[in-house]
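Here the structure comes first, spelled out in structure tokens, and everything after it is commentary.
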Amino acid sequence: MNTTIVGYPRIGKMRELKFAIEKYWRGEVTEAELKETAKTLRSEKLKKQKQAGITISPVNDFSYYDGMLDLAVMLNAVPERYRKLNLSPLDTYFAMARGYQGEHGDVKAFAMKKWFNTNYHYMVPELENGMELKLQADKLFAEYEEAKALGVCPRPVTIGAYTFLKLAVAENGVAKESYVEPVKKAFQELLQECEKRGVEWIQIDEPALVLDMDSADKKLFCDLYQDILSAKGSVKVLLQTYFGDMRDCYQEISKLAFDGLGMDFVEGKYTEKLIQENGFPADKYLYAGIVNGKNIWKCDYDKKLKLIEELKKTTDKLVLTTSCSLLHVPYTTKSEKKLSQDILKYFAYAEEKLEEIHELAELSEKDYTKEEAYQKNVSVIQSERGMKDEEVCQKVAALTEKDFVRNVPRVERQKLQRERMGLPLLPTTTIGSFPQTKEVKANRSRFRKGEITKEQYDEKVFAFIKECVEEQEKLDIDVLVHGEYERNDMVEFFGENFGGYVFTEHAWVQSYGTRCVKPPVIFGDVKRIEPITVKYSQYAASLTNRPMKGMLTGPVTILNWSFPREDVSHKEMAFQIGLAIRQEVLDLEAAGISVIQIDEAALREKLPLRKAEWHSDYLDWALEAFRLCHSGVKPETQIHTHMCYSEFDDIIKDIDAMDADVITFEASRSKLEILDALKEVGFETESGPGVYDIHSPRVPSVEEIVGAIRKMLEKIPKEKLWVNPDCGLKTRGIPETEASLKNMVAAAKIVREELK
């Protein structure tokens, strides 16, 4: 039986690509040196797949920044403002990804949004007037030839035409429909070029097929691919889906001339049912995504082999693969030197998942119950993991409705809070973190290595906090933060201070571009052991007369940015974390902290892709988990939250139902599109849409920020508007941060004067 994967991590085992790209940005390596690093990483991953017994390897799943951005370049969908910079192709690409400010000009980056229900972010392509789409597939074919030279069986991969058109934005009144034919033509040319080069299979990813589709959507997809597939010649085309099922379009797609259908049997609720009830086309290969590409637990061989047996009854053209790209899991468990085998034995990262696919394929051809690989897997799956806490489980079971509700209505609370704090109109603040300098990182590194004590570590942290508070007062920011120097990551830090978590050394996963995160692992029942942030916030508050925010991460974000358990519900885990955060909130309040921010950056992240399931499967318990954290505080205590890089328009009412007093969120890259939605629903929560993009190194001008604030005031009452960046400042440098915040405060003051 043939085996493959949808895609593979591209950052390298030790994040080699991240460091090489950032060196290139700093001018420390040449373009040629960067490309050589990339080639080495591609070679290593292909060799690894071949060694693991994977029979067909995807190529062009590599990217310097993002696959959707790569597709925009392949289609020549490069807006004029980037062309005018007259940079090299690679630097133009990076300008689209992260903006550019220098001798060639000043441009903002593409918008950035969450990739379906993952913690990965994609760059949103732009379609503008006069844009001439045409195929530029040099990268795809170069990587194909590169793979052939290594002796592997390569299958080129690209995101598809339908997903591109659904996710791209049309600028300045452009009709997106006008680009259907040019996109179609480019994909026809791609298939024709594939045939010329002797490509046997090409994989076209269409994850947008697992979203809700109406008749117009189905017509668009069918019209696109009836024409695109007419040009395929001898090339076999794999339609790959993931993150769900094709319940709205399975019958239509079955009739199209695809040679293979890639279907998700992990997150696809109805995938198996669709095949059982409708059959599977005899002329197509079924690429069965049975190994979870989004979580790190070893798969249950017994369940998977029984599924394979059922699928074999349906088709004799079965290929085993992953549920989605392995981009969403770490590289290899072999890098984990500190975790005990009692824990590590349960994990399978990308490299280990290759082995799982190969073993499942081999076992499926045998009387597998007698095989050592099967028996070894059963032993692990059935073993007791530990970290159970009955007290925590009982507390969750005992929760009642009053545990999720603040007693005083928000309108009354907001009045009390204004009186208490005496803030000006358009109060300025930041989201929480300040730049993590080399000194900050060195202090953390020395502590982790045991070179300094916890007391010595904290002494330096307090010094950083003091500098941060002084700088904010100098900048004349109204509501201050302590800078979050005590934490490496907004989720891992809390996990480290909770019972029920385990931590990795090198389980890095790409979030966007060169930004990587190392999600902690929920291994058992979660509880707070002792106060976590109180001493840092309390010290910061002692240095100023201005309001100081206590900074916490919310339960839903902690859950969504962790690798979760698979033996209990997400609701149960969220409530356990919510109780732990609630303890921290009440301790901060008791310590005199009057403003407490509970970040829910990832609230929308795990929103079901099907609208009918939003509340029943997710929002009902997710909103409760957040309210559980803050329902016990006094009405005078102001609760903030923060959300970033998601589309919020369609859940605005639900965000309001979180019952926070103030929310800040990303809006700068999305051109403040959320403002209309805020006005439409009569949003009660005070709000601070980000006035500038912190994921770009460019410094916004005072005039630019003034314009953004004025635009916000058209939709948000002046009494409810806050002025802030769109996210934390952790990844930025000090000079650009200070310059940007200086301009932000100046802009707020200008508009305040206009409002008098």
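The values are calculated or read from the model by the stated rules, or taken from the named source; none is laboratory data. Owing to the predicted nature of the structure, the values given are computational and were not obtained by experimental measurement. Quick reminder, even Gly has a Cβ in these numbers, built from the backbone with ideal geometry, and neighbours come from all protein chains shown.
Some values worked out for this structure:
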| item | result |
| --- | --- |
| Count of residues meeting criterion [in contact (Cβ under 8 Å) with a residue 24 or more places away in the chain, surrounded by fewer than 18 Cβ atoms within 10 Å (Cβ to Cβ), within 23 Å of Ala208 (Cβ to Cβ) and of a type outside the set (Lys, Arg)] in the range 171-180 | 3 |
| Residues that are touching a strand residue (DSSP E or B) at 6+ places or on another chain (Cβ under 6 Å), closer than 21 Å to Leu425 by Cβ and in contact (Cβ under 8 Å) with a residue 40 or more places away in the chain, drawn from the range 720-739 | Trp722, Val723, Asn724 |
| Number of the exception - Ile202 against (1) touching a Ser or Thr at 6+ places or on another chain (Cβ under 9 Å); (2) at pLDDT 95 or above; (3) over 27 Å from Ala52 (Cβ atoms); (4) aliphatic (A, V, I, L, M) | (3) |
| Test: residue in the range 155-175 that is in contact with a Cys (Cβ under 8 Å, 6 or more places away or on another chain) and under 23 Å from Leu326 (Cα atoms) | yes |
| Test result for Thr118, out of contact with any strand residue (DSSP E or B) (no Cβ under 8 Å at 6 or more places or on another chain) and modelled with pLDDT under 95 | yes |
| Verdict on Glu16 being under 19 Å from Glu143 (Cα atoms) and over 26 Å from the mean Cα position of the chain (by Cα) | no |
| Residue check for Val237: in a loop (DSSP other than H, G, I, E, B), β-branched (Val, Ile, Thr) and assigned by TED's automatic domain parsing to the domain that holds Tyr349 | no |
| Test: Ser542 is modelled with pLDDT of 95 or more, surrounded by fewer than 18 Cβ atoms within 10 Å (Cβ to Cβ) and over 19 Å from Val461 (Cβ atoms) | no |
| Residue ID - surrounded by the fewest Cβ atoms within 10 Å (Cβ to Cβ), chosen from residues in the range 106-147 that are assigned to a strand (DSSP E or B) and among the hydrophobic types (A, V, I, L, M, F, W, C) | Val107 |
| Candidate set: the range 148-161, residues that are touching a strand residue (DSSP E or B) at 6+ places or on another chain (Cβ under 9 Å) and not hydrophobic (A, V, I, L, M, F, W, C); chosen: the one surrounded by the most Cβ atoms within 10 Å (Cβ to Cβ) | Gly160 |
| Residue in the range 326-339 that is modelled with pLDDT under 95 and either under 28 Å from Asp248 (Cβ atoms) or surrounded by fewer than 15 Cβ atoms within 10 Å (Cβ to Cβ) (or both) present | yes |
| Helices (runs of 4 or more DSSP H) contained in the range 1-78 and holding at least 2 residues touching a strand residue (DSSP E or B) at 6+ places or on another chain (Cβ under 6 Å) and in contact (Cβ under 8 Å) with a residue 60 or more places away in the chain | 31-51, 67-74 |
| Some residue of the range 368-384 being surrounded by fewer than 15 Cβ atoms within 10 Å (Cβ to Cβ), among the small types (Gly, Ala, Ser) and more than 27 Å from Thr504 (Cα to Cα) | no |
| Any hit, the range 6-17, residues being surrounded by fewer than 17 Cβ atoms within 10 Å (Cβ to Cβ) and more than 29 Å from Phe116 (Cα to Cα) | no |
| Of all residues in the range 498-525 being among the aliphatic types (A, V, I, L, M) and within 19 Å of Leu344 (Cβ to Cβ), the one that is surrounded by the fewest Cβ atoms within 10 Å (Cβ to Cβ) | Val502 |
| Hits in the range 710-751 - residues which are at pLDDT 95 or above, closer than 20 Å to Val662 by Cβ and of a type in the set (Val, Ile, Thr) | Val723, Val745, Val751 |
| Residue check, Cys222 assigned to a helix (DSSP H, G or I), modelled with pLDDT of 95 or more, surrounded by fewer than 19 Cβ atoms within 10 Å (Cβ to Cβ) and over 29 Å from the mean Cα position of the chain (by Cα) | yes |
| Members of the range 665-702 found to be free of Cβ contacts under 8 Å to residues at least 40 places away in the same chain and surrounded by fewer than 19 Cβ atoms within 10 Å (Cβ to Cβ), listed by number | Glu673, Asp676, Ala677, Lys679, Glu680, Val681, Gly682 |
| Of all residues making up the range 36-68, the number that are closer than 24 Å to Ser696 by Cβ and exposed (fewer than 15 other Cβ atoms within 10 Å of the Cβ) | 0 |
| Val411 vs. criteria hydrophobic (A, V, I, L, M, F, W, C), in contact with a helix residue (DSSP H, G or I) (Cβ under 7 Å, 6 or more places away or on another chain) and part of a helix (DSSP H, G or I) | no |
| Flag if Val440 is over 34 Å from the mean Cα position of the chain (by Cα) and either touching a residue at least 24 places away in the same chain (Cβ under 8 Å) or loosely packed, with under 11 Cβ neighbours inside 10 Å (or both) | no |
| Residue that is touching a His at 6+ places or on another chain (Cβ under 9 Å) and free of Cβ contacts under 8 Å to residues at least 60 places away in the same chain, where the choices are Ala95, Ala109 | Ala95 |
